There are 2 protein chains.
Amino acid sequence: MPEGEWLVEIFNSVKDMQNKANLLRLQGKKIAFVPTMGYFHEGHLDLMREGRKRGDYLVVSIYVNPTQFAPTEDLDKYPRNFDRDRAMAEQVGVDAIFFPDNAGMYPPHYQTYVDVEGVTQTLCGASRAGHFRGVATVCTKLFNIVKPHVTIFGKKDFQQLVTIKTMIRDLNMDIEVVGMPTTREPDGLAMSSRNVYLSEEERQSALCLSRSLAMAKRLFEAGETDAGKILDQVCKYIQSHAYTVIDYVKISDVDTVEEVQTVGRNTFIAMAVKVGKTRLIDNYVFGEDLNIPYSDER
Amino acid sequence: MPEGEWLVEIFNSVKDMQNKANLLRLQGKKIAFVPTMGYFHEGHLDLMREGRKRGDYLVVSIYVNPTQFAPTEDLDKYPRNFDRDRAMAEQVGVDAIFFPDNAGMYPPHYQTYVDVEGVTQTLCGASRAGHFRGVATVCTKLFNIVKPHVTIFGKKDFQQLVTIKTMIRDLNMDIEVVGMPTTREPDGLAMSSRNVYLSEEERQSALCLSRSLAMAKRLFEAGETDAGKILDQVCKYIQSHAYTVIDYVKISDVDTVEEVQTVGRNTFIAMAVKVGKTRLIDNYVFGEDLNIPYSDER
């Protein structure tokens, strides 16, 4: 793209972003919004491309939200590169980046939090204390600042998507939520900003996540509906790979995120696995497509 | 007012109210909003009159919100009279009443709550478990449904006002909050829908609340700044009246609602007192006006 042909607007201040959103709404423009923590990969860009189609004005937020990290987690070392992100956002036609700092988002005496209760109790909610409270809170704030008509989330963080949908429904937020399929590397690894943490050998082992999902899909398509039996094979397969420690692997209802015994079309298998020091997640909704290349997994 | 000259619009459904709000905003109209639990008295009408001045379109909600009542409280017997409320709202020029039912506000699988932490820990927050969580949650919902530019609350529920202001600031809700002085009966009793619970003798005893505030005001104006000394006299005065049981009497900072030792212009005295079976509250911000008629209290 020739220099100067596209210029993404950068908003650092809550008030400036909100004023822009108010103006756009008065003009009858449709605002699409993709909240992110930055360090973009193709997965983020796919969300933005969808947002570009669905809105007149596309806002992306870049904010590594401290309240969704537990004290023991990787907040400080989470990868960041604003200039690279801005260039990538421009490539896919983003109109504005909202890029606030912590002082603007959580000023002194900050004390309000949004709790989504049921759907956050298991899976990552059980492993990551306060994580979804932080996600729900920051998304509420971002929605009130950006005032989107439509917001786009990835299905890779499936429980996050369910949490946001539940919150929007319960709190009567007038926002449409679009969930987009997980974007994968050519070999099947789900794209994640955290993949940069992986050594070459860990990167190879990490393929067991997506391949185990492909295995679950094949078992289901071959007629297996016993969740316990599918989980058994999936866990054995993951455990047969070096550097892996399973945090959880579960099959749950897509609406309530409650564990199920019987696998069906409204259920999904989700997993969190530590590969070396890096915690990775992946999931598959039974009955949907899953583009994992052929592999001769055991 | 001649019949048919004014007709308040009634919205029962969340979606209809939200669509109306969207239309008004697209037309550039300013929406003013007074949330209530109904059973109107002059205090409510004063809030509406202020809203009438501040907005192009004035919405009042009537909803006895179950999530702000503790299990032991008076949810079921809370007074209700929709037809009377509608007529009174029409008299002061309300444009619309939002009058939802519980199934519309808290459908099955409802699970999202808003917690304002610091300012809700003491006073009524300490006595009424979950009360402010319910208030913050329902107000978030109502704000998302009615989409007001400005909302009007009474200072009689002072801690509620601080909670709402804190929540609006923290969650970046783009809403102006106006706090209105407490409306009082000619003898000084703060107006409250719960006053109908009082027997004639209790009604007379209940005057000790407002009169004790006048006492605190006089002590402060005479130079007393020791919170303990003022509280001492106030409590003794209240306890000298029949049927009274003090829940709390405290002097706190107007922003943080933390107790203070020294009385000054950013502090307020607040009390909750059971008079018979009826729990009444009242408060006074030091340095402000307080129109309590002369009385020869001991």
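The values are calculated or read from the model by the stated rules, or taken from the named source; none is laboratory data. Just so you know, these numbers come straight off a predicted model, no measurement behind them. No Cβ is skipped: glycine too gets one built from the backbone with ideal geometry, and neighbour counts run over all protein chains shown. Calculation scope for accessible area: heavy atoms of the full protein, side chains included, ligands and nucleic acids excluded. Shrake-Rupley method; radii C 1.70, N 1.55, O 1.52, S 1.80 Å.
If a/c stays under 1.5 just call it rounded; otherwise compare a/b with b/c (prolate if a/b is bigger, oblate if not). Do that for chain B, with a ≥ b ≥ c from the square roots of the Cα gyration tensor eigenvalues. Provide the component values of the computation, followed by the final result.
Working: a/c = 1.76, a/b = 1.60, b/c = 1.10.
Prolate, since a/c reaches 1.5 and a/b exceeds b/c.
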Chain B, Gaussian network, Cα under 10 Å: of B:VAL196, B:VAL59, B:VAL114, the residue fluctuating most is B:VAL196
In degrees, nearest 10, the alpha-carbon axis of helix B:14-26 is tilted away from the dominant principal axis of the alpha carbons of chain B by 80 degrees
In Å², rounded to a whole number, the accessible area per residue of the range B:62-152 with probe 1.4 Å is 37 Å²
With label points set 7 Å from each Cα along the Cα-to-Cβ direction at A:GLU9 and A:ALA70, the distance between them in nm comes to 4.0 nm
In whole percent, the fraction of accessible protein surface over chain A that belongs to carbon or sulfur atoms, probe radius 1.4 Å, stands at 48 percent
Counting only DSSP loop positions in the range A:201-298, the chymotrypsin sites (Phe, Trp or Tyr not before Pro) whose Cβ has at most 11 other Cβ atoms within 10 Å are A:TYR294
Tilt, helix A:131-146 to longest principal axis of chain A (alpha-carbon atoms), in degrees rounded to tens, equals 30 degrees
Along the dipole axis of the protein assembly as shown (charges at Cβ: +1 for Lys and Arg, -1 for Asp and Glu; origin at the Cα centre), the most positive-end residue among A:PRO181, B:MET271, A:PHE268 is A:PRO181
Bounding extents of the protein assembly as shown in its principal axis frame from Cα atoms, largest first in Å, are 93, 46, 46
Counting sequence-distant residues (5 or more places) and residues on other chains, those with an amide H built under 5 Å from that of A:ARG128 are none
The range B:57-130: spread of alpha-carbon positions along the three principal axes, whole Å, largest first, is 38, 31, 28
For chain B, the longest principal axis of the Cα atoms and the Cα long axis of helix B:42-54 enclose an angle in degrees, to the nearest 10, of 50 degrees
Over all pairs of different Cα atoms in the range B:193-285, the reciprocal of the mean inverse distance gives a Kirkwood radius in Å of 13.4 Å
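Just check the range A:9-180 against the gyration tensor rule for me: Cα atoms, a ≥ b ≥ c as the square roots of the eigenvalues, rounded for a/c under 1.5, and otherwise prolate or oblate depending on whether a/b exceeds b/c. Provide the component values of the computation, followed by the final result.
Values: a/c = 1.39, a/b = 1.29, b/c = 1.07.
Rounded shape, in that the Cα axes give a/c under 1.5.
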Output row for A:LYS77: copy-to-copy label distances, label 7 Å along Cα→C-beta, ascending, in nanometres, one decimal, is 6.2
Distance in nm between B:CYS235 and A:SER240 label points, each 7 Å along Cα→Cβ, equals 7.2 nm
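How large is the dipole of the protein assembly as shown about the Cα centre if only Lys and Arg carry +1 and Asp and Glu carry -1, each at its Cβ, rounded to the nearest 20 debye? Intermediate values should be presented prior to the final figure.
Details: 70 positive and 82 negative charges, 52 e Å.
Its charge dipole is roughly 240 debye.
Helix-only estimate, please: 222 nm mean residue ellipticity of chain B, summing -39500 (n - 2.57) across DSSP H runs of length 4 or more and dividing by its residues, to the nearest 500.
Numbers: 10 runs with 108 residues, N = 298.
About -11000 deg cm²/dmol.
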Among residues of the range A:165-185, a drop of 30 Å² or more in 1.4 Å probe accessible area, assembly relative to the chain on its own, occurs for A:ARG169, A:ASP170, A:LEU171, A:ASN172, A:ASP174
